[in-house]
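What follows is a single structure, written as structure tokens, with notes after it.
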Amino acid sequence: MKIMAIEKTVPGVQDEQYLPYLRAEAFRVWQLQQAGSLREIYFTQDTHCAVLILECEDSSEALILLKTLPLVQQGLIDFDIHPLIPYPGLARLFSPDIQ
């Protein structure tokens, strides 16, 4: 199952608090990509929040994986989890009952 995880800020965290953990964070991201669990990673342009696309059995597995990220372990970031399903609307193009 594809899971979209969107970073949410933790109130009171200052930018300089991230610095000691950024290399370890990048290494863990690389490990998750190599394992096939992390398929894509982006930052939003406006808020610079991370958006991850994970391949997991379910939301519980996604949460377990996200908790292995150093910035999460340090309480500096958190994530909202959104399970994704395929868009079914294209089938409407081939249904005689829908105009």
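The values are calculated or read from the model by the stated rules, or taken from the named source; none is laboratory data. Computed from a prediction, not measured in an experiment: that's the story for all the values here. Note that each Cβ is placed from the backbone with ideal geometry, even for glycine, and that neighbours are counted across all protein chains shown.
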In the range 27-50, which residues are more than 16 Å from Pro83 (Cβ to Cβ) and part of a loop (DSSP other than H, G, I, E, B)? Gly36, Thr44, Gln45, Asp46, Thr47, His48, Cys49
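Among the listed residues Ile53, Ile85, Ile81, which satisfies the condition of being assigned to a loop (DSSP other than H, G, I, E, B) and either at pLDDT below 95 or not hydroxyl-bearing (Ser, Thr, Tyr) (or both)?
Ile85
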Inspect the range 39-61 for any residue being on the phi > 0 side of the Ramachandran plot, exposed (fewer than 11 other Cβ atoms within 10 Å of the Cβ) and out of contact with any strand residue (DSSP E or B) (no Cβ under 8 Å at 6 or more places or on another chain) and give the result as yes or no. yes
Residue pairs within 6 Å by beta carbon, gap of at least six or interchain, first lying in the range 12-40 and farther than 17 Å from Lys67 by Cα, second part of a loop (DSSP other than H, G, I, E, B), listed first then second, are Val13/Leu76; Gln17/Leu76
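Which residues, taken from the range 59-99, are small (Gly, Ala, Ser) and over 12 Å from the mean Cα position of the chain (by Cα)? Before the answer, list the steps.
Of the range 59-99, the ones small (Gly, Ala, Ser) are 59-60, 62, 75, 89, 91, 95.
Passing the criteria: Ser60, Gly75, Gly89, Ala91, Ser95.
Filter the range 15-24 down to the residues that are modelled with pLDDT of 95 or more and out of contact with any strand residue (DSSP E or B) (no Cβ under 9 Å at 6 or more places or on another chain) and list them by number. Outline the logic, then answer.
Applying the first criterion (modelled with pLDDT of 95 or more) to the range 15-24 yields 16-24.
Of everything in the range 15-24, those that are modelled with pLDDT of 95 or more and out of contact with any strand residue (DSSP E or B) (no Cβ under 9 Å at 6 or more places or on another chain) turn out to be Glu16, Gln17, Leu19, Pro20, Tyr21, Leu22, Arg23, Ala24.
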Looking at (1) among the small types (Gly, Ala, Ser); (2) at pLDDT 95 or above; (3) exposed (fewer than 15 other Cβ atoms within 10 Å of the Cβ); (4) assigned to a helix (DSSP H, G or I), can you tell me which one Ala91 breaks? (2)
What's the total number of residues in the range 56-78 that are under 17 Å from Lys8 (Cβ atoms), aliphatic (A, V, I, L, M) and in a helix (DSSP H, G or I)? 6
